[in-house]
Structures are given as C-alpha cells and as structure tokens.
Amino acid sequence: MKQQTFSDVEYANRRKKTKRDEFLEIMEEIIPWDEWVSYVEPYYPEGKRGRPPMGIEKMLRMYLLQIWFNLSDEGVEDAIYDSYAMRKFMGINFMNEQVPDATTLLNFRHLIEESGLGKAYFAAINRCLEECGHMMKGGTVVDATIINAPSSTKNASKSRDPEMCQTKKGNQWYFGMKCHIGVDAGTGYIHSIEATAANIHDIAEAANLIRPDDEVVYGDAGYLGIEKRPEIVEDKHKSQIDYRINQRPGKVNGFEEGPGRDWLCYMEHQKSSVRAKVEHPFHIIKNTFGFSKVCYRGIAKNLNRLYLLAASANLLMCARSGGWRKQLA
C-alpha cells in the first residue's frame with residue numbers, strides 16, 4: 001500500500017466523487033496493467049546510455065489519459081499538474097518526481113504507433129472478454145461513421161491531408177475518414193475495426209468485419225446487396241450467412257395499409273432493435289472520448305488511436321454491465 005500524502009488525506013474527505021474520478025477508478029481496476037506493459041517492453045529503450053527512461057507503466061498511463069480525454073501532448077502534461085484525479089491515476093508524488101514532459105510523451109506515442117501496439121491491445125481485451133464469456137458468437141452488426149478532418153489549406157504545406165477524402169451524406173458534404181466497426185450482436189462489444197477514406201462506401205469494408213463463426217449479419221440500408229458482393233459470393237462461409245439488412249424507408253412507405261405492411265414494419269423493427277447496439281460504441285468513441293475529429297494526419301495513426309479507443313470502450317461497457325470484477329480478476 002502506497003503512503004498517503006496530505007493531498008490524499010484532504011481529498012479522501014470530499015463528499016462527492018467526480019465522474020472523472022469514477023471513470024479512472026474503473027479503468028485502474030479493470031485494465032490488466034502487467035500484460036499491457038509486457039507488450040511495450042520489447043520495443044522500449046533499455047536505458048544503458050544517456051538519461052534513464054521513464055517507467056513503461058507511467059508512460060502508458062499518461063498516453064491513455066491523452067486519448068481518453070482527447071488532449072494534446074502539452075495539454076495532458078498540464079492537466080496532470082492541475083487534476084488530482086489524473087495525478088492519482090498516474091501515481092505521481094510531487095515530493096519525489098515530476099510529470100513526464102510533452103516531448104517524452106510524443107516519443108512514447110510514436111513508439112506505440114510504429115510498433116502497431118494499438119491493435120495488440122485491442123486483440124488482448126477481446127480475447128479476455130471471450131474467455132470470460134462476455135462476448136458471444138454467431139452474430140455481427142456492421143456500421144460506419146465519418147470522422148471529420150480539417151478541410152482548410154492554411155497550413156505549412158498549403159494542402160489538405162492527401163489520405164482524407166470528401167463525401168456527401170444527405171445534403172451535407174464531409175471531409176475526413178471513415179471508421180468501420182463490427183460489434184457482437186448479443187452484447188454490443190466491438191470485435192473488428194477498420195479505417196478508410198471517407199469516400200469509401202460502407203459496404204466495401206463489410207467483409208473484413210465478419211467473424212469466421214458468424215451466422216447472421218445485421219446492417220442498415222447502406223448494406224443492401226451485400227450478399228451479391230464478389231468477396232462475399234466467392235467465400236464459402238460468408239456466402240451462407242443470413243444477412244438481415246434494413247430496407248429503405250421508402251420501400252416500407254410504398255406498401256398499402258394492411259397486414260402485409262404491418263408485418264414488414266414489425267420485421268424492420270426487430271432488425272433495428274438489434275442493429276441499434278452498434279450506435280452505443282460510436283457514442284462512447286465520439287462523445288465520451290471526444291474522437292469526433294481526427295487527431296493526426298494520415299489514416300494509420302488515427303487507426304492506431306481507434307484501436308485503443310475501441311479497447312477502452314469495450315472495457316467501459318464491461319464495467320458498466322456489472323459482475324465484471326470477479327470474472328476479469
């Protein structure tokens with residue numbers, strides 16, 4: 001047990017915990033820190049020459065704070081100095097040490113991105129959820145959302161990000177990238193994630209979001225005709241899946257009043273009730289974690305961040321579902 005400081009004693013007597021406190025306490029308990037640190041060790045400097053490197057776990061915690069609260073390198077450094085909850089999560093005692101500076105975090109973030117560790121963390125969390133029985137099998141819900149990127153050319157290169165593209169949704173144009181996810185139809189946990197330019201149609205990435213053991217796939221009207229796609233027809237397993245795709249509203253409205261229309265409306269409602277589970281992970285990623293706009297140039301860096309956000313979203317949904325402490329211990 002760590003020795004308490006005067007600040008710890010003072011804050012322990014407060015009447016109410018903030019939402020930030022509660023969130024960080026959940027993540028502190030549910031993340032397998034030893035396993036996550038072991039993934040970084042093969043790529044981390046040993047410190048045989050020059051200044052000794054910061055501890056891996058401390059840097060990992062700082063990096064996670066950055067992506068959870070959507071902060072810049074300098075912003076998260078300042079926030080840790082300002083916030084007791086963040087300082088406590090980092091385990092920093094200002095009597096003995098200081099917060100790692102923004103440049104140190106920048107180098108650590110580049111190490112995570114170049115090593116592809118975001119995908120490894122996402123796979124590790126999903127494997128843990130499957131072993132504990134939290135993630136079911138047999139059904140997937142697919143969907144995609146647009147992540148906006150700066151469209152201005154007022155920058156050093158006088159140009160937009162070449163990997164981002166524009167697309168039209170409804171009557172509005174968007175510029176950026178698209179996040180495609182596949183979630184478990186039973187529990188709503190994210191099991192697959194892909195990133196493309198915004199002008200890539202949702203249906204083009206659907207085959208990459210289907211698991212080998214899926215028997216049914218749900219999707220909105222943007223996925224109509226998915227069973228006719230070459231990557232689906234030519235695959236022995238995917239061609240036999242039951243694709244339950246919502247019809248466009250115009251087709252339902254075109255039916256005359258009567259039992260036929262009532263049955264069609266009922267079936268569309270049943271499909272929508274399952275498909276709606278994909279919207280909650282998007283809400284967590286874009287609203288709770290603030291990733292409604294890209295943070296970096298290029299799709300690869302943003303995809304690495306999406307992997308970590310998806311893993312964190314799964315952990316958060318698992319924590320909120322209850323009964324997770326004894327199963328993930």
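Can you find a residue in the range 165-176 that is without any contact (Cβ under 8 Å) to a residue 24 or more places away in the chain, surrounded by fewer than 18 Cβ atoms within 10 Å (Cβ to Cβ) and at positive phi?
Looking through the range 165-176, at least one residue is without any contact (Cβ under 8 Å) to a residue 24 or more places away in the chain, surrounded by fewer than 18 Cβ atoms within 10 Å (Cβ to Cβ) and at positive phi.
What helices (runs of 4 or more DSSP H) completely inside the range 1-69 contain at least 2 residues that are among the small types (Gly, Ala, Ser) and at pLDDT below 90?
Hits in the range 1-69: 6-12.
Hey, can you tell me all the residues within the range 67-95 that are out of contact with any Phe, Trp or Tyr (no Cβ under 7 Å at 6 or more places or on another chain), of a type in the set (Ser, Thr, Tyr) and touching a residue at least 60 places away in the same chain (Cβ under 8 Å)?
Answer for the range 67-95, where residues must be out of contact with any Phe, Trp or Tyr (no Cβ under 7 Å at 6 or more places or on another chain), of a type in the set (Ser, Thr, Tyr) and touching a residue at least 60 places away in the same chain (Cβ under 8 Å): just Ser83.
Show the residue pairs that are 6+ apart or on different chains and have beta-carbon atoms under 8 Å apart, the first residue being within the range 253-274 and without any contact (Cβ under 8 Å) to a residue 40 or more places away in the chain, the second being surrounded by 11 or more Cβ atoms within 10 Å (Cβ to Cβ) and assigned to a helix (DSSP H, G or I).
Phe255/Arg261; Phe255/Leu264; Arg261/Val252; Leu264/Val252; Cys265/Val252; Glu268/Val252
If you check every pair at least six apart or on different chains, which have Cβ atoms under 6 Å apart with a residue in the range 142-160 that is closer than 30 Å to Ala276 by Cα first and a residue that is acidic (Asp, Glu) second?
Ala144/Asp202; Ala149/Asp161
Can you tell me which residues in the range 205-226 are surrounded by fewer than 16 Cβ atoms within 10 Å (Cβ to Cβ) and free of Cβ contacts under 8 Å to residues at least 24 places away in the same chain?
Scanning the range 205-226 gives a single hit, Gly225.
Of everything in the range 227-241, what is outside any helix (DSSP H, G or I), surrounded by 11 or more Cβ atoms within 10 Å (Cβ to Cβ) and over 27 Å from the mean Cα position of the chain (by Cα)? Give them in sequence order.
Answer for the range 227-241, where residues must be outside any helix (DSSP H, G or I), surrounded by 11 or more Cβ atoms within 10 Å (Cβ to Cβ) and over 27 Å from the mean Cα position of the chain (by Cα): Arg229, Asp235, His237.
With respect to Ile200, is the statement that it is among the aliphatic types (A, V, I, L, M) and either at positive phi or not in a helix (DSSP H, G or I) (or both) true?
yes
Within the range 277-296, which residues are part of a loop (DSSP other than H, G, I, E, B) and buried (at least 17 other Cβ atoms within 10 Å of the Cβ)?
Result: Phe289, Phe291, Val294.
The values are calculated or read from the model by the stated rules, or taken from the named source; none is laboratory data. Keep in mind that what you see is a predicted model, and the values were worked out from it rather than measured. Methodologically, a virtual Cβ is constructed for each residue, glycine included, from the backbone with ideal geometry; neighbour enumeration extends over all protein chains shown.
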